2 protein chains.
Amino acid sequence: MINLNIYTKKLRESGLRPTRQRLKICEVLFSPEKTFHFTVNDLKKIIEEKLSEKISLATVYNTIHAFKKKGYLKEISINSDKSYFDTNTTDHQHFFDEDKSELIDCGDDEIDSINIKRNITGKKIKSIEVLIRVASDNQNQN
Amino acid sequence: MINLNIYTKKLRESGLRPTRQRLKICEVLFSPEKTFHFTVNDLKKIIEEKLSEKISLATVYNTIHAFKKKGYLKEISINSDKSYFDTNTTDHQHFFDEDKSELIDCGDDEIDSINIKRNITGKKIKSIEVLIRVASDNQNQN
DNA sequence: AATTAGATTAAAACAATTCTAAACTGTTGA
DNA sequence: TCAACAGTTTAGAATTGTTTTAATCTAATT
């Protein structure tokens, strides 16, 4: 399998050994042509149901965290009980569909670049995150 | 006390009866000249320590939620274990100081207005939230 | 004052995440 | 190749923020 080396490399670069479970995580995260958004539970389910590999939550969490730290994954800020991750690590923003609790990418060409005219003394900007909340027109918006 | 009527009004408009505990919450939230950011625990502590009023978490939560629903408070999206609220309900954005886990207001004049060039079919934009993460220059940024 | 609808509370329940400790496995070096 | 070690997996326990519950209390209404 051609991808195995790529996965192994990503794992090693993240400070992790390539184990059976972790390679399955890589398969899910890094083989699709398209990037996607997921929660930890989504990922666990995919691995157990589609790839028939038993995996514990702890393993999913520690691998995800290492990838995030290394920059192979991004975490998206939403007020939600769960954490959402994105396999697209390039600079881009998101819509959040409140009806479906689902993230939608917002291309750089779909939003004007953001210009911040202020500095916090002694601090450096680490990231600029934009979240555009959307919901169906006719919805109760409590 | 002049403010009592204002507090009572806000509570009633939020569908709540003005009780001793809730009036204390109002005192904390709505009497300061300046708006501020807080977590539920911050609020509980202030009420118990500064105003010497015993209050249960459940009461804090239900009151905060009613105020949020009514629009008297805003919740800020941060990836954090806790929820952050803002007594400033006008349209504005935030810096998040990762060193101190602290929100800082970003005035409308400090950021260019955001222009989204895309519509999600059948959906309406509910809000546009910008979070600018900052941290001290020399910090390990794991 | 009595009634009632809503509020308060401590404690239990809950859900996401983190931690733990024991069993297991990849890696290294003899 | 194999022993030994360091890192990994796992189930389950612990933790944390938040929500729910059910009993008691209180504000509003009569």
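Computed from label points 7 Å out along Cα-Cβ, the spacing between A:E48 and B:N5 is 6.0 nm.
Using a Gaussian network model of chain A with C-alpha springs under 10 Å, which one of A:N119, A:N62, A:N79 is most mobile by mean-square fluctuation? Most flexible of the set in this elastic network: A:N119. If both residues of a DSSP beta bridge must be in chain B, then about 70% of such bridges are antiparallel. How tilted is helix A:20-30 with respect to the longest principal axis of chain A? Cα atoms for both, answer in degrees (0 to 90, nearest 10). Approximately 40 degrees, to the nearest 10. Of the residues A:S83, A:S101, A:S127, the one that moves most in a GNM of chain A with alpha-carbon contacts below 10 Å is A:S127. Buried accessible surface for the B/A chain pair comes to about 3900 Å², total over both chains, computed with a 1.4 Å probe.
Dipole magnitude for the protein assembly as shown: about 1040 debye, using +1 per Lys or Arg Cβ and -1 per Asp or Glu Cβ, origin at the Cα centre.
Ranking B:F38, B:Y61, B:I78 by how far each Cα lies toward the positive end of the dipole of chain B (charges on Cβ) leaves B:Y61 at the top.
Distances between copies of B:T39, taken at a point 7 Å out from Cα along the Cα→Cβ vector and listed shortest first: 2.1 nm. From largest to smallest, the equivalent ellipsoid semi-axes obtained for the stretch A:36-81 from the alpha-carbon gyration tensor read 19, 13, 10 Å.
Each Lys and Arg adds +1 at its Cβ and each Asp and Glu adds -1 at its Cβ; summed about the Cα centre, chain A shows a dipole of about 1200 debye. Cα-based values for the stretch B:3-73, radius of gyration first and Dmax second, are 11.0, 28 Å.
Using the Cα coordinates of the stretch A:88-134, the gyration tensor eigenvalues translate into equivalent-ellipsoid semi-axes of 25, 12, 10 Å, sorted from longest to shortest. Given a cut-off of 27 Å, what percent of all Cα-Cα pairs of the protein assembly as shown lie beyond it? Tail of P(r) above 27 Å: 51 percent of Cα pairs.
Roughly how many whole Å is it from the C-alpha centroid of the stretch A:9-70 to that of the stretch B:50-118? The distance from the Cα centre of the stretch A:9-70 to that of the stretch B:50-118 comes to 33 Å. Which value at 222 nm does the protein assembly as shown reach when only helices count, each DSSP H run of 4 or more adding -39,500 (n - 2.57), with the total divided by all residues and rounded to the nearest 500 deg cm²/dmol? It lands at -9500 deg cm²/dmol. Counts of other chain beta carbons within 10 angstrom of each beta carbon in peptide B:109-115 average 5. The Cα-based radius of gyration of chain A, divided by its Kirkwood radius, gives an Rg/Rh of 1.02.
The values are calculated or read from the model by the stated rules, or taken from the named source; none is laboratory data. It should be emphasised that the depicted structure is a prediction, and the values quoted were computed from it without experimental measurement. Cβ sites come from the backbone with ideal geometry, for glycine too, and all protein chains shown count toward neighbours. Surface accessibility is based on the protein's heavy atoms, side chains included, excluding ligands, DNA and RNA. Shrake-Rupley method; radii C 1.70, N 1.55, O 1.52, S 1.80 Å.
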